[in-house]
Each structure stands twice: as C-alpha cells, then as structure tokens.
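The values are calculated or read from the model by the stated rules, or taken from the named source; none is laboratory data. Predicted, not measured: the structure shown is a model, and the values here were computed from it. As a convention, Cβ positions derive from the backbone with ideal geometry for all residues, glycine included, and neighbour counts pool all protein chains shown.
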Amino acid sequence: MSSLTRRNIEILEWIREFCESNQFFPTYREIQRGFNYKSISSVQNQVRKLKKLGFIVNESNKARTLRLAEFERSPEPEPQGIPIRGVIAAGGFVETFADIRTEYIPHESFCQTSRGFERFALRVRGDSMIGANILHGDVVILDKRTDLDYIKDRTIVAARLKDANQTTLKRWHENNSQVSLMPENPNYPTIQVRRDDVLIEGIYAGLVRGIV
C-alpha cells in the first residue's frame, strides 16, 4: 500500500462502501459528487492511477463498469483465521523471530479484514505497553497498513527500523520529520527516530489473551 496516497485509499474505501450500500458500483459522476470534485477529470486521473496499480478494473467508455479488482479475482479457499506470524517486542527495538508453528486466531474472535485491509497477529514479549492493557504473552491483532500518512497521533503501531529486522510495539507521535515511539510504562524511555528511518508493519486493532 506504500504507493497509494491518502486520497487513493479514501476513494477505494468510498467505492467499497458505495457498493455495499447500493449493491452496484458507482459511476464517475457519482464519485465526483461524493468527493465534491469540480471536474470529472480529477476522478478519471484517480481511477487511472488505481487501475495502473491493479486496484480497479473497468471498460473504457461504458457506463457503470468500474470494479474493484478484489471482486474480479477467483475465490480462494477460506483461510483458517488470522495468522499469528511471530513475535513483537513491547520494549526497545529487538530482533524479531517467527514462531515455528503456524497458528491462527479463529474467525469468531476477530474479522479477518478491516475495511478491506488484511489482518495478522503477533505475540507480545515484554511489558512496555501495560498501560494500554497489552501484557506480556498477549496476542495483538494488527491491520496491515503501511502508509505513514494514514497514522493518527497516539495510534499503537508495530514499527520497524528500515534495513533492520527490528520491530517494537509503541504509540506513534510525529512532529515534523521526527517520530516518537512512546511506551505505556514509565520504566521504559520514549524511542526517537527520524520519520525516514521507520516503517509501519501494522496498526493495532485489538488483542486476544490466553492463547497458549
């Protein structure tokens, strides 16, 4: 998702919600009205980019042929649930490692996607986020969103240093080009990094406790 702008994402979500509400896809004019664009060419430019990136398909010069690419794909076998992909530190940056066993959080615990974004889970190691009720041994659910511009202040994120296999779970605070990764435990310091040096693996959506 790193190649998408915030407006690209907003348009994709708007189209998805329109389809869910109306049971058909919008026209260019309906998108124009939905975003108060002065010219339909603005919509066409957005759709052209999303089509090039593979998120949208449509037939040129025909009415109501706009489609989200996800609706055009062949159905795949239903997965077993949200995959637990490994471990994340609730402390400083530490090297991450994957669990050997493949485990899943069952469907009834959490939806597998959020507004079209894939979800995954990580086991927490450490106690730096106890003030947010995230404890050592919990399994956190994350929405796989990587666009830094999407992140709201004080959102809990899984942050990774670029060019390193080091990840931590913290609250996000951005000030110009500087990012503070803030713990929820006074025994841990805030981590300061340059915005250009950090990647987002996912945004916190909830947790499951008691999974052995």
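Quick look at the values:
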| item | result |
| --- | --- |
| Complete set of residues in the stretch 144-178 that are part of a strand (DSSP E or B), modelled with pLDDT of 90 or more and under 26 Å from GLY81 (Cα atoms) | ILE156, VAL157, ALA158, ALA159, THR168, LEU169, LYS170 |
| Residue within the stretch 20-40 that is over 26 Å from the mean Cα position of the chain (by Cα) and of a type in the set (Phe, Trp, Tyr) present | yes |
| Count of the stretch 171-203 residues which are under 14 Å from ALA121 (Cα atoms) and either surrounded by fewer than 20 Cβ atoms within 10 Å (Cβ to Cβ) or of a type in the set (D, E, K, R) (or both) | 1 |
| Meets criteria (in contact with a Ser or Thr (Cβ under 6 Å, 6 or more places away or on another chain), under 23 Å from ILE9 (Cβ atoms) and among the polar types (S, T, N, Q)) for THR146 | yes |
| Check on ASP163, over 22 Å from THR5 (Cα atoms), surrounded by fewer than 16 Cβ atoms within 10 Å (Cβ to Cβ) and charged (D, E, K, R) | yes |
| Condition met for SER21 (farther than 30 Å from LEU207 by Cβ, surrounded by fewer than 16 Cβ atoms within 10 Å (Cβ to Cβ), of a type in the set (Ser, Thr, Tyr) and at pLDDT 85 or above) | no |
| Residue check, ASP149 touching a Gly at 6+ places or on another chain (Cβ under 8 Å) and touching a residue at least 60 places away in the same chain (Cβ under 8 Å) | no |
| Qualifying residue in the stretch 144-154 (condition: more than 30 Å from ARG7 (Cα to Cα) and surrounded by 12 or more Cβ atoms within 10 Å (Cβ to Cβ)) | no |
| Condition met for ASP138 (under 14 Å from LEU207 (Cβ atoms) and either in contact with a helix residue (DSSP H, G or I) (Cβ under 7 Å, 6 or more places away or on another chain) or modelled with pLDDT of 90 or more (or both)) | yes |
| Residue ID - surrounded by the most Cβ atoms within 10 Å (Cβ to Cβ), chosen from residues in the stretch 31-54 that are touching a Lys or Arg at 6+ places or on another chain (Cβ under 9 Å) and not β-branched (Val, Ile, Thr) | GLN46 |
| Close pairs (6 angstrom Cβ cut-off, 6 or more residues apart or separate chains): in contact (Cβ under 8 Å) with a residue 12 or more places away in the chain in the stretch 171-186, of a type in the set (S, T, N, Q) and surrounded by 20 or more Cβ atoms within 10 Å (Cβ to Cβ) anywhere | PRO183/SER128; ASN185/SER128 |
